[in-house]
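The block underneath contains the structure these notes are about, expressed in structure tokens.
Readers should treat all values here as calculations from the given coordinates under stated rules, not as data from a laboratory. Source: prediction; values computed, not measured. As a convention, Cβ positions derive from the backbone with ideal geometry for all residues, glycine included, and neighbour counts pool all protein chains shown.
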Amino acid sequence: MTLRVLAAMSGGVDSAVAAARAAEAGHDVTGVHMALSSNPQSYRTGARGCCTLEDSRDARRAADVIGIPFYVWDLAERFHRDVVEDFVSEYAAGRTPNPCLRCNEKIKFAALLDRALALGFDAVCTGHYARLAGGVLRRGVDQGKDQSYVLAVCTPEQLAHALFPLGDTTKADIRLEAERRGLQVADKPDSHDICFIADGDTRGFLAGRLGASPGPILDTAGNRVGDHDGAYAYTVGQRKGLRLGTPAPDGRPRYVLDISPVDNTVTVGPREALDVHEITGERPVWLAEAPGGPVPRGTGPFSCHVQLRAHGEVHACTAELDGDVLRIRLERPARGVASGQAAVLYAGDRVLASATIAATAGAAV
């Protein structure tokens with residue numbers, strides 16, 4: 001069946017090949033580059049991001065080679081509100097957000113898809129490494145590039161209008177294919193870090209927007225062992241850059257255990273104090289049935305696996321949907337689990353559900 005497809009083209013090799021594959025499959029494809037900054041020069045340059053003038057030009061050249069129409073859509077205001085401001089406010093609240101996940105949720109599969117459907121397109125095509133089979137989101141075959149984690153915030157209704165042409169291919173083969181197709185981005189480096197922080201200095205970026213807010217760094221006994229210029233500059237599990245004035249009695253390294261914006265304190269302690277056994281997730285998005293069948297609210301726990309950060313380790317667990325809360329108990333503890341990140345449940349390579357981590361607990365009672 002021929003579809004009218006809007007191909008999101010970031011200017012990188014993945015989205016270019018995805019658009020080319022969609023066109024080759026016989027779909028009526030139009031390329032679009034999302035302009036996400038009102039001042040693109042303030043974002044990364046040198047092919048390190050995905051929001052620069054260079055990226056826009058690369059996307060246009062790729063569309064010309066593929067032979068599809070191409071447009072640039074200005075989504076800068078929406079991106080600033082839903083991604084950049086969310087990023088700042090989450091850190092201010094003591095949480096650690098994932099801006100790429102939020103961009104997928106709010107920009108690529110909300111703002112972009114909504115506009116595409118309003119214009120009569122049937123689907124949005126992206127260069128994500130993930131698969132859709134029978135309406136179910138699955139991991140991409142390239143485990144090192146799999147992006148199902150950052151797509152798990154999308155709803156089933158959004159995924160019903162999505163195409164992920166790269167999910168069955170490795171990144172190495174995608175580059176070779178781009179070269180065969182004559183796409184100049186075949187050797188373009190992957191984007192890294194946060195696209196809207198021009199110099200990669202997250203602490204400086206946050207300080208410029210939240211201002212200095214000095215406070216104490218405490219150990220687990222409540223003793224003051226250092227000072228900070230803003231609790232927002234720290235994240236759970238962090239070891240480096242703590243600037244502690246008092247060494248630990250046992251001489252062992254200390255890690256950030258907790259960030260409290262209410263009293264502006266950062267708590268540090270030994271590595272084992274980072275162990276998390278239980279996780280509470282808010283705003284769950286259910287994408288597929290659990291291994292034993294549908295999971296209505298309030299039913300008993302079921303066995304599955306959970307991933308707690310992009311490209312992170314997968315943990316065996318039991319999960320239970322309790323009203324509007326997802327409760328997860330790990331079989332073995334995970335370390336450095338930060339609130340604000342996503343907890344994504346899997347059954348094999350199938351994505352079952354996602355939720356935003358709201359709270360964690362240590363040793364099981």
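Here are a few things to note about the model shown:
- For region 11-35, backbone nitrogen atoms closer than 16 Å to the point 7 Å from T2 Cα along Cα-to-C-beta are found at 22-30.
- Dimensions (Å) - region 163-241, Cα atoms, principal axes, largest first: 61, 27, 24
- Gaussian network model of the chain, Cα within-10 Å springs - most flexible of G135, G281, G26: G26
- Placed amide H near D142: partners under 5 Å, 5+ positions off or other chain: T169
- Going from the residue with the fewest nearby Cβ atoms within 10 Å to the one with the most, D28, D258, D146 rank D28, D258, D146.
- Local net charge near E313, Cβ-Cβ under 12 Å (Lys/Arg +1, Asp/Glu -1): +3
- Most mobile listed residue (V141, V306, V83) in the chain, GNM with C-alpha springs under 10 Å: V141
- Label-to-label distance for R329 and L210 is 3.4 nm, based on points extended 7 Å past Cα in the beta-carbon direction.
- Once the mean of 1/r is taken over each pair of separate Cα atoms and inverted, region 4-187 shows a Kirkwood hydrodynamic radius of 16.6 Å.
- Candidate lysines for bridging to K188, where Cα separation is under 26 Å - those fewer than 8 sequence places away on the same chain excluded: K108, K145, K171
- Compared with the dominant Cα axis of the chain, that is its longest principal axis, helix 53-66 is turned about 40°.
- Taking amide hydrogens as placed 1.01 Å from N in the peptide plane, the amide H of L352 sits under 5 Å from those of L345, Y346, A347, each at least 5 positions away in sequence or on another chain.
- When the P(r) of region 275-361 is calculated, the portion above 22 Å amounts to 13% of the C-alpha pairs.
- Amide H contacts under 5 Å for G226, placed H, 5+ residues apart: I217, G245
- Sequence of M34, M1 once ranked by neighbouring C-beta atoms within 10 Å, starting from the fewest: M1, M34
- Normalised radius of gyration (Cα atoms, divided by 2.2 N^0.38 Å) for region 137-202: 1.36.
- Using a Förster distance of 56 Å, the FRET efficiency for K240-D122 (Cβ separation, nearest 0.05): 0.70
- Measuring r between the beta carbons of H80 and L132 and using R0 = 25 Å, the FRET efficiency lands at 0.25.
- Separation in nanometres of the label points that stand 7 Å from Cα toward Cβ, at T220 and S303: 3.1
- Here the gap between R61 and D114, fully extended at 0.36 nm per residue and compared with their Cα-Cα distance, gives a gain of 16.5 nm.
- Reduced Cα scattering model of region 101-225, Debye log10 I(q)/I(0), q = 0.12, 0.16 Å⁻¹: -0.66, -0.94
- P(r) for region 213-269, from all Cα pairs and a bin width of 5 Å, is 4, 22, 38, 26, 7, 2, 0 %, short bins first.
- Modelled spin labels at T170 and A273, positioned 7 Å past Cα toward Cβ, are 4.4 nm from each other.
- Cα radius of gyration and Dmax for region 171-213 (Å): 17.4, 54
- With contacts taken as Cα pairs under 8 Å and at least 6 residues apart, the chain reaches a relative contact order of 16 percent.
- Among N98, N223, N264, the largest mean-square fluctuation in a Gaussian network model of the chain (Cα springs under 10 Å) belongs to N223.
- Ordered by the count of other Cβ atoms within 10 Å of each Cβ, fewest first, H311, H128 give H311, H128.
- The chain pair-distance distribution - Cα-Cα, 20 Å bins, rounded %: 28, 54, 18, 0
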